[in-house]
Amino acid sequence: MGGPDLRTPRVRRTRAEQRELHERTVRASLRMFADGGYEALSMRKLASEVGVPAMSLYRYFPTKAHLVRHIWADLLLRAHGRALSALPESAHAPARLAAYLDAWLQYWLDNRDHYWVVFAIRDSGRDWVDASDGEVPRPDPWRVLATLTELVDGCSAEGGRAAVHPHAVEALFCKMLGFLTGAIGMASLANADVDGLKRSLVAEMVAQVVSGRADVPQQGNRSA
């Protein structure tokens, strides 16, 4: 018979401890991104920053792609949460849509480094993606699109019209990203009245939805 097993048993973290580890991991990852982008993000260095063995981190994030997906999801959820918290409880649908759009945009303006991490990063090839992961991962703002669909449909219903075509919601989202790219990334807009530009954009998008001009004509229904 062999001797007693002297190996130290692995203690499983509680859910609260796992959430806390994930939060520390995201914070440390954002610092690395700010310092040097993707190239600066090393799993072993990150484990040292977080204060856990590298193998512990790999149990939660098997590859760099898993970690990046988690960071994207976390930041998108933060922006979505900020926008949801700005929704007035008792207001007409257009006012609720405007409040959501304004707060969502303001999150990225207040956290510009987060914008670069999620929306404006260019990976240097596929070296950070494990071959088994398939396609290069991309951020998925499904919560934002789902909420925008609900808010836009609310405007349509309140105005007595049929639901807006889903592509109109995607168009609104693309307009918001275009604004952020200009406001955050373009040197020529460094001294612009960004808050004024944001208010104008939000007012224009809401007006398009309310008037029905945000509808995307279906094929075959376009006027000649």
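The values are calculated or read from the model by the stated rules, or taken from the named source; none is laboratory data. As the structure is a computational prediction, the values presented were derived from the model and not from experiment. Every residue, glycine among them, receives a Cβ derived from its backbone with ideal geometry; neighbour counts consider all protein chains shown. Heads up: the accessible areas ignore ligands, DNA and RNA and are worked out on the full protein's heavy atoms, side chains in. Shrake-Rupley method; radii C 1.70, N 1.55, O 1.52, S 1.80 Å.
Scanning segment 166-174 turns up no residue that is open to solvent by 40 Å² or more (accessible area, probe 1.4 Å), at pLDDT 85 or above and in a loop (DSSP other than H, G, I, E, B). Among the residues of segment 19-39, those identified as touching a helix residue (DSSP H, G or I) at 6+ places or on another chain (Cβ under 9 Å) and open to solvent by less than 60 Å² (accessible area, probe 1.4 Å) are LEU21, HIS22, THR25, VAL26, ALA28, SER29, LEU30, MET32, PHE33, GLY37, TYR38.
Of the residues SER188, SER200, the single one that is at pLDDT 90 or above, assigned to a helix (DSSP H, G or I), among the small types (Gly, Ala, Ser) and more than 30 Å from TYR58 (Cα to Cα) is SER200. Right, SER42: among the polar types (S, T, N, Q) and surrounded by fewer than 17 Cβ atoms within 10 Å (Cβ to Cβ) or not? So SER42 fits the description; yes.
Screening ALA83 on (1) surrounded by fewer than 15 Cβ atoms within 10 Å (Cβ to Cβ); (2) modelled with pLDDT of 85 or more; (3) within 23 Å of the chain's Cα centre (by Cα) shows it passes everything except condition (1). Entry remark, segment 88-108: residues being open to solvent by 20 Å² or more (accessible area, probe 1.4 Å) and either modelled with pLDDT of 95 or more or in a helix (DSSP H, G or I) (or both) number 7 in total.
Screening PRO139 with (1) at pLDDT 90 or above; (2) under 18 Å from the mean Cα position of the chain (by Cα) gives one miss only, at (1). When GLU39 is tested against the conditions (1) touching a Ser or Thr at 6+ places or on another chain (Cβ under 7 Å); (2) modelled with pLDDT of 90 or more, the lone failure is (2). Can you say whether ALA120 is at pLDDT 90 or above and either within 18 Å of the chain's Cα centre (by Cα) or surrounded by 12 or more Cβ atoms within 10 Å (Cβ to Cβ) (or both), as far as the supplied structure shows? In short, no.
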